[in-house]
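Participant: Just dropping this structure here.
Here, each number is a calculation from the coordinates, and none is a lab measurement. On a predicted model such as this, the values are computed, not experimentally measured, just so you know. Methodologically, a virtual Cβ is constructed for each residue, glycine included, from the backbone with ideal geometry; neighbour enumeration extends over all protein chains shown.
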Amino acid sequence: MHIGMDFQYDTVTDFVKDPSFQKWVIDPDADTAAFWEGWLAANPAQRTTLLEARQLILDLRFTTDYAANRAMIDVWQQIQAGKAALPVIRPLRYRQRSTFLIAAAISGLLLLTYATYQYYTRSESITTISTHYGETRTLSLPDGSVVTLNANSHLSFPTSWDTGKPREVWLEGEAYFRVQEKKGTGQARFSVHAEPVTVEVVGTVFNVKHRKKQARVVLESGKVNLLVQQPGQRRQHVFMKPGELADVDTRATVRVCSVDPAAYTSWQSNQLVFRKTALREIATQLEETYGYSVTFTDPDVADKRFSGSVPSQQPELLLMTLSKLYNLNISKQNNQVIISTKHL
């Protein structure tokens, strides 16, 4: 149950402790999306605090086990209360970070402590850019690289990038990258973190989609090296060529195939392009991009495939097209969409 729209969230903890807010961050549906988008619109002054709370939930790796999340919050609050008494921690160098993470995996508490440390050290100098449902946004990063952020997405990156250090961003959602090539051994590498994969490039044009701990990378030009970490195994390197798509599932299993990149990057040109796409996949895209909740009354309808394109600003036109093409009844009330077969 949601707390009233006029409830005042004053601190990061207020947000983090709310199961509805947790669900909106880690497993959103139309109901929670509508509530929190509305709450944010009514309380714009709290946007920064809300985004900090969201980042903390991602850093602590909350799940839909809300009782377990409650226990993690209790430990986090204990760490927060004793933060001033903690010994000074020296910033980890890039090569040291993987060693630290391996050690942290030995103990859940160590992992939580590390995540909390990351939150406090990063939040002071991290910029987070977010988009609402149905909204896209183009921005320039500190190195001159250009990113177009798709709807319902969040991109975080250091506010200032020091020369000689790797360029890194963290993505939840979908983004199209045009990476500025840099010379030298330091800033040459550009990394997109989309757990369970890290995308490493130099000067490249590519698309990354990261939702519900699954990732999809589509390479338009240049070269990409995927770093995939499977539990209990050595890090895997997957090198991609232009015109390839790589899917990485929740178990960090990688599947690579050849595709037409335009079908996966057309959204950043305000077009939705489909190539023999199953209606169930289209429904997922409508849910992720526009906040719809789509229900099929006939499972066979969800397996039908559609090829075509429509303007991304007109999802209703897509629904109308599907209705006429496949003789479907498609009803929409608010964000609820029900798709059924017409009976003669």
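Participant: Given H placed on each backbone N at 1.01 Å, which residues far from T341 in sequence or on other chains put an amide H within less than 5 Å of it?
Facilitator: D298, N329
Participant: Rg to Rh for the range 126-263: what is it, with Cα atoms only and Rh by Kirkwood?
Facilitator: For the range 126-263, the value is 0.94.
Participant: While we're here: Cα centroids of the range 211-253 and the range 274-344: how far apart, whole angstrom?
Facilitator: Centre-to-centre (Cα) distance: 29 Å.
Participant: With charges set only on the Cβ (+1 for Lys and Arg, -1 for Asp and Glu), what does the dipole of the range 126-263 come to about its Cα centre, in debye to the nearest 20?
Facilitator: Result for the range 126-263 is approximately 320 debye, rounded to the nearest 20.
Participant: Using the structure shown, list the pairs from K213/K304; K212/K342; K213/K276; K23/K276; K23/K182 with a Cα-Cα distance above 30 Å, or answer none.
Facilitator: K212/K342; K23/K276; K23/K182
Participant: Measure off 7 Å from each Cα along the Cα-to-Cβ vector at Q180 and T250, then give the distance between these two points in nanometres to one decimal.
Facilitator: According to this spin-label approximation, the distance is 3.9 nm.
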